Amino acid sequence: MSLDLSSSTVLVTGANRGFGRHLAQQLVGRGATVYAAARRAESVDLDGVRPMTLDITDADSVDRAAAQARDVTVLINNAGIATGAPLLTGELADVRRDFETNVFGTLGVTRAFAPVIESNGGGAILNVLSVLSWFTLPSLAAYSAAKSAEWSMTNALRIELASRNIRVSGLHVGYMDTDLASGIDDPKSDPAAVAKLTLDQLEAGTAEILADDLSRQVRAGLSGGVAALYPNLA
């Protein structure tokens, strides 16, 4: 099922910077009506958008957003954090923050906006995941675990919402040149290029969007199990 973004009303969470800002900016360029959501609406500095205050970890904030944006037909769950906590030695509070934001925050926004999208005749939801949904680094173990849970949640929502005319897609991408990956020295993709590819694939109806060679390589290795993904442990 294809999607015409030029006639869509899109809510982008975490739209004040990084990848979310690129998505919101390009959506405006495609003719979409865009709610650009952030914890502080005044931090959104894009022309042509409707700034919105939304803290995805605050249920009251989510409810207010859903009451305000009753015309949404596409939800892009982009907001997320990476505390950098390892699982055994990291602060448990940081591990919980990764899950509260990336999993429960994303789910809360989805639960609030699914009825809105359905009431408007259906549409789409995009969850911004990561190649680390499929592969874990010890230094980002809490983030990887949360993104793995978010991937599983994306699959479940895809099944649950199909009968309500809401298509659910997931984006898998490696490191992008944004604040989230500022402390990482590995090669990084241009977030503007990833945003264009993502929106093209969202319009085309792609359920699983793979934005780079790393994501394609890791997904191909899933069938090989531990021996393929972690050869030093096999």
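The values are calculated or read from the model by the stated rules, or taken from the named source; none is laboratory data. None of these values were measured; they are calculated from a predicted model. Backbone-built Cβ (ideal geometry, glycine too); neighbour counts: all protein chains shown.
In table form, for the structure just shown:
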{"read-out": "Filter result (of a type outside the set (Gly, Ala, Ser), under 16 Å from Ala195 (Cβ atoms) and not in a helix (DSSP H, G or I)) within region 1-23", "value": "Leu3, Val10, Leu11, Val12, Thr13, Asn16, Arg17"}
{"read-out": "Filtered residue count, region 208-225, keeping only those that are among the aliphatic types (A, V, I, L, M) and either in contact with a Leu (Cβ under 6 Å, 6 or more places away or on another chain) or closer than 18 Å to Leu23 by Cβ (or both)", "value": "3"}
{"read-out": "Counted residues, region 1-34 - those being touching a Pro at 6+ places or on another chain (Cβ under 8 Å) and within 19 Å of Thr101 (Cβ to Cβ)", "value": "2"}
{"read-out": "Among the residues listed as Leu129, Leu87, Leu137, the single one being at pLDDT 95 or above, surrounded by fewer than 16 Cβ atoms within 10 Å (Cβ to Cβ) and not small (Gly, Ala, Ser)", "value": "Leu87"}
{"read-out": "The one condition in (1) in contact (Cβ under 8 Å) with a residue 24 or more places away in the chain; (2) outside any helix (DSSP H, G or I) that Thr136 fails to fulfil", "value": "(1)"}
{"read-out": "Residue, surrounded by the most Cβ atoms within 10 Å (Cβ to Cβ), within region 113-126, restricted to residues that are farther than 18 Å from Ala207 by Cα and in contact with a strand residue (DSSP E or B) (Cβ under 9 Å, 6 or more places away or on another chain)", "value": "Phe113"}
{"read-out": "Residues (of a type in the set (A, V, I, L, M), touching a helix residue (DSSP H, G or I) at 6+ places or on another chain (Cβ under 6 Å) and not in a loop (DSSP other than H, G, I, E, B)) located in region 24-51", "value": "Val34, Ala36"}
{"read-out": "From the options Ala93, Ala59, residue that is free of Cβ contacts under 8 Å to residues at least 60 places away in the same chain, surrounded by fewer than 24 Cβ atoms within 10 Å (Cβ to Cβ) and under 26 Å from Arg167 (Cβ atoms)", "value": "Ala59"}
